[in-house]
Each structure stands twice: as C-alpha cells, then as structure tokens.
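Remarks on the structure that follows.
The values are calculated or read from the model by the stated rules, or taken from the named source; none is laboratory data. Keep in mind that this is a model prediction, so the values were computed, not measured. With ideal geometry, Cβ positions are generated from the backbone for all residues, glycine too; neighbour counts draw on all protein chains shown.
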Amino acid sequence: MKKIYEKPVITKVETGFMNKFGESPLYHRKIRKDIDGVSIEELVSRFGSPLFVISEKQLRNKYRTIYNAFASRYPNVQFGWSYKTNYLKAVCAVLHQEGALAEVVSGFEYEKARKLGIEGKDIIFNGPHKKLEDLEIAIREGAKIHIDHFDEILDVEKIAERLGKTVKVAIRLNMDAGIKPQWSRFGFNLETGQALDAVKRIAQSSWLILNGLHAHIGTFILDPNAYAKEVEKMVKFAYEVEDNFGFKIEYIDIGGGIPSKNKLKGTYLPPDISVPPIDDYAEKITEALYSNLRPGDFPKLILETGRAIVDEAEYLITTVFASKRLPDGRKAYICDAGVNLLFTAFWYKFNVEIDREVYGVNEPSVLYGPLCMNIDIIDDGILLPPLERGTRLIFSPVGAYNNTQWMQFIEYRPNVVMIMEDRTVEVVREKEDLTDIERRERLPEKLKLL
Amino acid sequence: MGRLNQLAINDEGFIFDPLTGESFTVNRTGLFIIKKLKENKSEEEILEDMLNEFNVSKDIAEKDLIDFIQKLKSYGLV
C-alpha cells in the first residue's frame, strides 16, 4: 500500500526564532471554516471568489459595545456614522437602525445618505470641500454644517442671507493633543488663535449662530490620553466662546480615529495587546468631560467612530490561484484578490486564516494579488504551510476603507455579501461586469472598429 | 550534487552540514527526495519513485518536486 503523501518541505534550523509568546512559528496556523456559521465553501460556491463578507451580527454587536461604553458613562451621547469608512448602503442602514447619524464629507456622500432616507437634520456635513450647490442643499435641509475654513464661513453666510435663514453652524478645530503627527489641515488651529478669530467672524454675522465644536485629531490613535487632551481643550474653548460671545455650545464632536483590532505594518505586538480596549477610551474621554465641564452642563458628545465599528465585521475570502518559488527561496502565492480590493494592505498587515487543515511546516511566504503590477503585494512576509491551488485564504479585518477606496483596476470588483442575523446570506453589492465599466464611455464615430 | 554528499542525514529528517555548521529539518517526502538525489537519480526517475512510493497524482508530485529542488538551491544544497 502506498504511503500518505505530504508535500516535501525543508526548513533551516535557526535559533532565536521563537517569538516572545512561546509559540513555535513553524507549526502555528489559523484555520477558519466558516463565518457566522456559514461555511467558506458554501459562500464561495454560491457567490464566487474573491468575496467580501460582512457580518450583520458582528457589526451590530460592535456598534452596541462601543456605544454602550460611552452611553453608560455619560448621559448625552450621539454617534455619527462615518460614510467614507464604508458607505455600502447595507452597512449604513444597519448603523442608522442602531441610531447613528450620517457623517458625510462630500456632496456625493450627502446625496447617498439622503437617498437612503436620512433627513438633513440627521446629517453631519464635514470635509474641506463643500461645493456651493451642495452646501446650499445641506443648509436648506437643516444639516449640521461643520465649517472647515474662512472661505466657508463666508460661503455659508452668503447662502444663509440669500435664503433669508439664520443658520446654526459648528467649526472644526485642530490642536496639539500630544500625539504625532499633529493633524493641522482640518479646521482652525486652537493654539495660534485662529479658532478664536473664526468665532469672532461668526459672531459678527447676523446670519450665523455657533452651536457646536468639532475636531478630528488623527487616525488609528493608540493612546487614549490624546482624546482626554482633545476633550479638555475643546471644553475650555467652548466656555471661552460661551462667556465672551454669548453662544451656547450644544455639542462637542470629537471625531473618530479609534483603532480597530488591525495590525499596522511595522508594529511588533499583536493587536490584542497593542490596541487598548474601548473602555479605556470611553473612560479617558468621559473623565476629561467631567473634570472640565461646569456642574449640570452636559453638552452632547458626538463621536464619528468608523474604523473601530466596521473593520472587524468584514472579511475577504480569496483563492490561491498559483504558486511559485522566488529566487531568494521564499514561497510565493498568487491570490485572486490584491491591492485593487485591499487598498489598506499598504498600511496594515491582515490576519490571514486558511479554510482547511494543512499538513507541513510553515515557511516564509509572500502573498501576491492578481494584478500585473509589481506593487500588488498583500503580505510580503508571512509563515504559511504549503498550500494547494484552490485553497481559500480569509483576510480580516477589512471592513474599514476597502469598500470605499477599492479600485476597478485590471479586474472587476467582486460580490459583497452580508450574513444576516438569521444566517441567510444577501448580496449587498453585485459583482461588476463590462457594462458597469463602460457605461460612461463614449467612442467617437470615426474611431469605431465595428 | 554539490553540498548534498557532505551532509549528515538521520532517518528522522535532521540534516547537518559539517562544512557550514547549518542544520535543517526535512519531512518524510523531503527526505525521500534528498536520498534519491544523493543516489544521483534524475528528476524524472525521482518523480517515478515518488509515484510508486506515495499516494499522489503526477501533477502534484511533479510540481512539488520542482519546487523542492528550487528550495534546496536557495539554501545552496544542490
């Protein structure tokens, strides 16, 4: 009888190669056979590969966990869903059902929110580029306008005057919150007095009323103390404004930037250790509110948390299409999804799981995407056992910024499905075909070949 | 066969290169191939031997054999 076959593997024995968690990297592997109880095999056979898979259950759970972390500590909390993080209708609808406002940064996103059924008053309009026509619609419909620069103060004032309508506005602030890099491109700087100048200009207007402050201090912020600093500065500034200009600051919007359990490239520790729990953020933020607010004053606290809510609720299933040996001895796999779909692969090292048990020792491997482009690398240093063609790899977390920043480049974009709470699976964005790509093209008559 | 003939190989798949001091571990199939290479067998002959020894299709065995020899080359063993 013939012996059971195992792929031939040779590995150089190197000392000092164990990681600090005492686990042998040669045999460690992560297996995932299902998402929310629906098998990977079933998902791919029904909807193809690559395939984005969103879990409704995980999305709602994450929202509730993060919301409750704040709502259980402070009596006046409102979340705004950051559309740019993931503006698939199904994702937005789930989060609106959970109670989030829409936080948009362009006329396009504003239109998307309105079409989904969100009223103007429930839309926060952020962003540095609000075209006049978009701004006018937002003002007419009572959206929360967060002014980014002096030109915009004048824009809003002119529109308000033309409409004969007094408009409530907020201004965006930037500041030193003790972290690097300091984001200074959005809004008015606090330390240089620019923010105060903006307030003075608004106070001179008979058409504008300042009722809110907004700031967004960065992204993937691993230090909760930065938010404490931000809140302290914003509350102090709010009182300065209230005491000197007679405005009432009804809300303080501290933006987003709270990290998900993803791994930034170049970091050593796994995200379970490097990313502080959400309660740490909630504790620092609400503590800073209570230490700086005057007794009995509870302005609304708005958060625009995007990544932390959606990132871990989405997966990308890919299939190993081919393999090769690189000249340096590393194994390389060509997958059917690359940076065209995983734009965030440039910054993050995803969790990679295999859909089946695989025998054999891990070896240093590289994961390439399908593009005929040298930069199409999803992971340039991962230990994987020998993988057969057709093996599925499941990347996560991929819910933040991939379904918005993905590219139709060389390949079509695939199906996106949502596993509903009852385990049924719905297509929430159909895979593309040629008509999607060519719909806007026009071929001049003299260039027609057919 | 280059360094292959200098290597000390035990039956558990532990390989020691006395010239460089490097050590390697190899699994059963890998050990099988290395032994055949030391016998100066050609790739075609080794493939035939693999098909007789293991329960594996020709397509997979051929691909894996080529890949394994490339890996040995990357270590400078062949």
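What to note about this one:
- Only one of the numbered conditions (1) surrounded by 14 or more Cβ atoms within 10 Å (Cβ to Cβ); (2) assigned by TED's automatic domain parsing to the domain that holds residue A:203; (3) touching a residue at least 24 places away in the same chain (Cβ under 8 Å) is not met by residue A:294, and that is (1).
- First in segment A:422-437 and farther than 16 Å from residue A:91 by Cβ, second anywhere and surrounded by fewer than 11 Cβ atoms within 10 Å (Cβ to Cβ), Cβ under 7 Å, 6 or more apart: A:423/A:37
- The single residue among A:307, A:325 that is free of Cβ contacts under 8 Å to residues at least 12 places away in the same chain, under 20 Å from residue A:378 (Cα atoms) and buried (at least 17 other Cβ atoms within 10 Å of the Cβ) turns out to be A:325.
- From A:282, A:238, residue being of a type outside the set (Phe, Trp, Tyr) and closer than 24 Å to residue A:143 by Cα: A:238
- One residue alone among A:284, A:324, A:261 is basic (Lys, Arg), over 17 Å from residue A:216 (Cα atoms) and not assigned by TED's automatic domain parsing to the domain that holds residue A:398, and that residue is A:261.
- Residues within segment A:328-362 that are surrounded by fewer than 20 Cβ atoms within 10 Å (Cβ to Cβ) and either assigned by TED's automatic domain parsing to the domain that holds residue A:83 or on the phi > 0 side of the Ramachandran plot (or both), tallied: 1
- The condition of being more than 10 Å from every other protein chain (Cβ to nearest Cβ) and touching a strand residue (DSSP E or B) at 6+ places or on another chain (Cβ under 7 Å) does not hold for residue B:72.
- The selection criterion, being in contact (Cβ under 8 Å) with a residue 60 or more places away in the chain, touching a helix residue (DSSP H, G or I) at 6+ places or on another chain (Cβ under 7 Å), outside any loop (DSSP other than H, G, I, E, B) and not hydrophobic (A, V, I, L, M, F, W, C), does not hold for residue A:283.
- Segment B:37-61, residues that are more than 10 Å from chain A (Cβ to nearest Cβ), modelled with pLDDT of 95 or more and buried (at least 16 other Cβ atoms within 10 Å of the Cβ): B:46, B:47, B:49
- Candidates A:390, A:329, A:338, filtered to the one that is modelled with pLDDT of 95 or more, within 14 Å of another protein chain (Cβ to nearest Cβ) and either assigned to a loop (DSSP other than H, G, I, E, B) or within 20 Å of residue A:44 (Cα to Cα) (or both): A:390
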